[in-house]
Amino acid sequence: MRKLFTAAFIFVSIFGTKVMADIKMGIILGFTGPIESLTPAMAASAELAFKEASDSGSLLGGKKIEPVRADSTCVDSAAATAAAEGLISGGVAAIMGADCSGVTGAIATNVAVPNGVVMISPSATSPGLTTLDDKGYFFRTAPSDARGGQILADITKDRKVKSVAITYTNNDYGKGLADVYKAAVEAHGIKVTTVTAHEDGKADYSSEVATLASAGGDAVAVIGYLDQGGKGIIQASLDSGAFDRFILSDGMIGQSLVDAFGKDLSKSFGSLPGSTGKGAGIFAEVAKAGGVEASGPYTGESYDAAALIVLAMQAGNSADRASIAKNVMDVANAPGTKIYPGELKKGLDLLAKGKKINYEGATGVTFTSVGEAEGSFLEQEVKGGKFKTKKQR
């Protein structure tokens, strides 16, 4: 009996040690909602970085990370904040996410910042988040739409569009990007015939398209979501013959859109944050080896967001929430040894020795003074049944 008790004690002790060694990490993305076709690859990319750090044996002396997923819905702030509250009450050290700008701002303001929990969003791009009173707890590896709108306008000019109608999803992301884009295309001498909002979740968008068509334009800029209202605008445009050329925001770019419309998108183009640099090529190989589809939007940014969290933990030699916040900027920017995807063990080992690192990652990470990526953009077009990159901007 004593042997059984001893064996049981040893088992419980070992099991307890393993549980204590695990560091819970939140991943909150819109697994349902208007970008649900994009988020599985984003989550898998973040989990790839967490697994790489765990498997290295170098994270805080051999600690492991346990990723915990939650659904932001992308559009329902109440549901998103409730999901984030669940993550934080469950003891996560930090959060990779959220995704869409409105829910990201709501989570940061109402949940993460008051609880002193770092959030690193891979895809929230609203210019309004730049001035968020985040107390140093909010970061993003995606650049602001303040630059993204200008880039999309530059591409519109280069594609010789003379007049454009604009429709945007009626939220922080859509309104912010539409405002920037309108001002930028007008500065290029392009006529904006109308700017109208659309609501997601409708079964039919023929009335919205009728309004756009009555204003006219060489093309319609669709600033929205590929699995929701933006898709509906394109469908109604094609059905009515109102437009056959679409200028697409980053939220509209994804394989599900091409699968739905095929060659009908052959005249269309858009842009999204991304890079064709050294890190992007390395990430493609690392992701492939890990069984992750790396070509979709915001996959590199998701890997980078997760990587920055684990490197910040190592820099402070602690999974303490405040320590993570304190060290994110130090590992993201120069000076230090450049670290690329697949090199997290190298970065962790250097940090353990007190050395400086400069995490370049998949997207060439460089943070501004407020903790958001300066970023680069990819001009996108549809060829061969897929979105393809024409060039980096």
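With N the number of residues in the chain, Rg(Cα) / (2.2 N^0.38 Å) evaluates to 1.03. Helical content alone sets the calculated 222 nm signal of the chain at -13500 deg cm²/dmol, taking -39,500 (n - 2.57) per DSSP H segment of four or more residues and averaging over every residue. Counting DSSP beta bridges with both partners in the chain, what percentage is antiparallel, nearest 5? Bridges in the chain are about 25 percent antiparallel. Under a cut-off of 12 Å between alpha-carbon atoms, report the aspartates and glutamates in cross-link reach of K202, not counting same-chain residues fewer than 8 places apart. Qualifying aspartates and glutamates at Cα under 12 Å: D227. Computed from label points 7 Å out along Cα-Cβ, the spacing between D22 and T366 is 4.0 nm. Between T211 and N333, the simple spin-label model (points 7 angstrom out along Cα→Cβ) gives 4.2 nm. Volume per residue of the convex hull around the Cα atoms, evaluated for region 300-393, comes out as 109 Å³.
Taking the number of Cβ atoms within 10 Å of each Cβ as an exposure proxy, the fewest-first ranking of T141, T194, T167 is T194, T167, T141. Within region 225-245, name every residue whose backbone N is under 20 Å away from a label modeled 7 Å from Cα of T194 along the Cβ vector. From region 225-245, the list is 225, 229-245.
Listed by chain and number, the lysines placed with their C-alpha closer than 17 angstrom to that of K64 are K18, K24, K51, K345, K346; residues fewer than eight positions away on the same chain are left out.
Looking at region 277-380, none of the chymotrypsin sites (Phe, Trp or Tyr not before Pro) sits in a DSSP loop with at most 15 other Cβ atoms within 10 Å of its own Cβ. For I28, the shell of other residues with beta-carbons less than 9 Å away shows a net charge of -1, using +1 for Lys and Arg and -1 for Asp and Glu. So if I take the centroid of the Cα atoms in region 130-166 and the same for region 104-119, what is the distance between those two points in Å? Cα centroid of region 130-166 versus Cα centroid of region 104-119: 23 Å apart.
Treating each Cα of region 223-344 as an identical point scatterer and summing with the Debye formula, the log10 of I(q)/I(0) at q = 0.16, 0.18 Å⁻¹ comes to -0.85, -0.95. Under a 5 Å amide H cut-off, with hydrogens placed 1.01 Å from N, I27 pairs with V68, R69, A70, M96 among residues at least 5 apart or on other chains.
The angle separating the long axis of helix 172-187 from the principal Cα axis of greatest extent in the chain is about 50 degrees.
Each value in this text was obtained by applying a stated rule to the coordinates, not by laboratory testing. Small disclaimer: the values here were computed from a predicted structure and weren't measured. Every residue, glycine as well, gets a Cβ built from its backbone with ideal geometry; the counts of neighbours run over all protein chains shown.
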